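See below for the structure under consideration.
The values are calculated or read from the model by the stated rules, or taken from the named source; none is laboratory data. The structure presented is a predicted model; accordingly, all values stated were derived computationally and were not measured. Note: ideal-geometry Cβ built from the backbone for every residue, glycine included; neighbour counts use all protein chains shown. Heads up: the accessible areas ignore ligands, DNA and RNA and are worked out on the full protein's heavy atoms, side chains in. Shrake-Rupley method; radii C 1.70, N 1.55, O 1.52, S 1.80 Å.
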Amino acid sequence: MKKLILIVTLLVIVGGGAYVVLNGATPFFRSDIHIVKQQTERFFECVKFKEFDEASNYHNEVDREAANIPKMIEDLFKVPPEYLDIQDIYVLFADIDSGGQLAKSKTRCVVHLLNSDEIRKPEVILYWKKEGDQWFLKLRSSLERNVL
Amino acid sequence: MAELDDMPDLDLGVSVAESADVAAAGSAGTRERPGFASQYDTLVDRNLALLFSSFRGLFLLLGQPVLLGYIIGLAWRNAEAEPTTYFSMTIAAVYLGCMNACCVIVRERAIYDRERMFDLSIWAYLLAKLMVLAVVSAVQSALLLYMQARSMHLPPGLANHATLYVVLTCASITASGLGLLISTCASSAYGAVIAVPSLIVPQIVFSEVVLRSHIDKKIPSIAENFTITKWCYDGLAMLADEIDGGILVKSLAVLALQLAAFLFLGAFKLKLDDL
């Protein structure tokens, strides 16, 4: 029985460790997929807390100047940002192309529309491009695709 | 069977050779029989030794979930899990659990019969088998999920992953209970393997995913409640939306009840064989 307990303990440690590493929870083994997922989550957190300046930092300088994030958010959710209460954000998955330069991440948000008192669960796909060693959000191609 | 000869003997107090000496020495020479816990410990060690005795057997045990997980992942490559994905995972878990266990008793029946003559506890024997099979199921479920996750998108987050893992592992352990029952009833390992599909096919047929609206008819709706697949599928399919604690607890509770029923039936069959 002691052997079994030892084996189970080892399996839990190895399995748990592998899970933590594979999910990018350690800074040492973080792949592009984990970075894209993390940036996606942070982007929506910025939108959730109406921190549009930080949200705009997720796209490159050219897009940053041209994009009007509150307007795009309004177009996407069909309500002005002040009527939008994002409650939960789930990053469903992230995919990277074979060249490792393009990525997309799918997100499901639980939003409360304050003007109509509705709860909706829209799914949004964000598209990313790697420039240098950083991932930038292709904000227009992402947020202009309304999937409500 | 040659592997079994190398396994640790179950020290039930009196071996076959000793019993003759003891009989000659009179009742004063008898030793006390080991209790349930002692028998259980020894049997778990023996089952572990059996598990690790054959590299080929171990490779097959670990290779099957890798292959099945790869196939399911390939079928839903780059896609999100949907109800049929969860059903495929359910079938894979039930198949693995049942196949792991279906031969474990019947292939060492001669040893069991001999040790039973020296007060081997049926429950210690069955629970020791189940304990090791449960660990195998836990490892297989992890491999199945890992291989799937490499190709397809499983529901994200620790809570979803934990739910997937726990439900699949529990279903696989329950299926191991069914496999043990088959093993107690079979007269040969070949017969046990043949019996597995006969019990798995009804679990596929009497399911919501296959029968769709016909599942509401009287017989299918009753039959479905007795399958392992229904409760495992219910526990997984809710992840398409969000985790429902009530459904999860109900699914796990029914799986535990089914496991208990299989073990009681297996113990009853072994007791009947004593007569």
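Structure notes:
- Those residues of the stretch A:124-139 which are of a type in the set (Asp, Glu) and either modelled with pLDDT of 90 or more or under 10 Å from residue A:60 (Cβ atoms) (or both), in sequence order: A:131
- Looking only at the stretch B:94-107, and only at residues there that are touching a Leu at 6+ places or on another chain (Cβ under 6 Å) and more than 26 Å from residue B:82 (Cβ to Cβ), the one that is least open to solvent (accessible area, probe 1.4 Å): B:101
- Yes/no for residue A:3 being assigned to a loop (DSSP other than H, G, I, E, B), in contact with a helix residue (DSSP H, G or I) (Cβ under 9 Å, 6 or more places away or on another chain) and at pLDDT below 90: no
- Test: residue in the stretch B:167-184 that is within 14 Å of chain A (Cβ to nearest Cβ) and in a strand (DSSP E or B): no
- For the stretch A:96-115, the candidate set comprises residues that are surrounded by fewer than 18 Cβ atoms within 10 Å (Cβ to Cβ) and free of Cβ contacts under 8 Å to residues at least 24 places away in the same chain; within that set, the residue that is farthest from the other protein chains (Cβ to nearest Cβ) is A:99.
- Residue in the stretch B:10-52 that is farthest from the other protein chains (Cβ to nearest Cβ), counting only those that are modelled with pLDDT of 85 or more and open to solvent by 50 Å² or more (accessible area, probe 1.4 Å): B:36
- Residue match in the stretch B:76-83 (condition: aromatic (Phe, Trp, Tyr), open to solvent by 20 Å² or more (accessible area, probe 1.4 Å) and at pLDDT 95 or above): no
- Considering A:13, A:89, A:7, the condition of being within 14 Å of another protein chain (Cβ to nearest Cβ) and open to solvent by 60 Å² or more (accessible area, probe 1.4 Å) is satisfied by A:13 alone.
- Each residue in the stretch A:50-86 was checked for being touching a His at 6+ places or on another chain (Cβ under 7 Å) and either open to solvent by 50 Å² or more (accessible area, probe 1.4 Å) or part of a strand (DSSP E or B) (or both), and 1 pass.
- Total residues in the stretch B:183-217, condition out of contact with any Ser or Thr (no Cβ under 8 Å at 6 or more places or on another chain) and modelled with pLDDT under 90: 8
- Some residue of the stretch A:16-28 being within 12 Å of chain B (Cβ to nearest Cβ) and touching a Gly at 6+ places or on another chain (Cβ under 8 Å): no
- The residue that is nearest to residue B:258 (Cα to Cα), counting only those in the stretch B:185-227 that are among the β-branched types (Val, Ile, Thr) and touching a Cys at 6+ places or on another chain (Cβ under 9 Å), is B:200.
- Any hit, the stretch A:17-25, residues being surrounded by 15 or more Cβ atoms within 10 Å (Cβ to Cβ), under 30 Å from residue B:146 (Cα atoms) and among the polar types (S, T, N, Q): yes
- Candidate set from the stretch A:29-46 (those that are more than 14 Å from chain B (Cβ to nearest Cβ) and modelled with pLDDT of 85 or more); member that is surrounded by the most Cβ atoms within 10 Å (Cβ to Cβ): A:43
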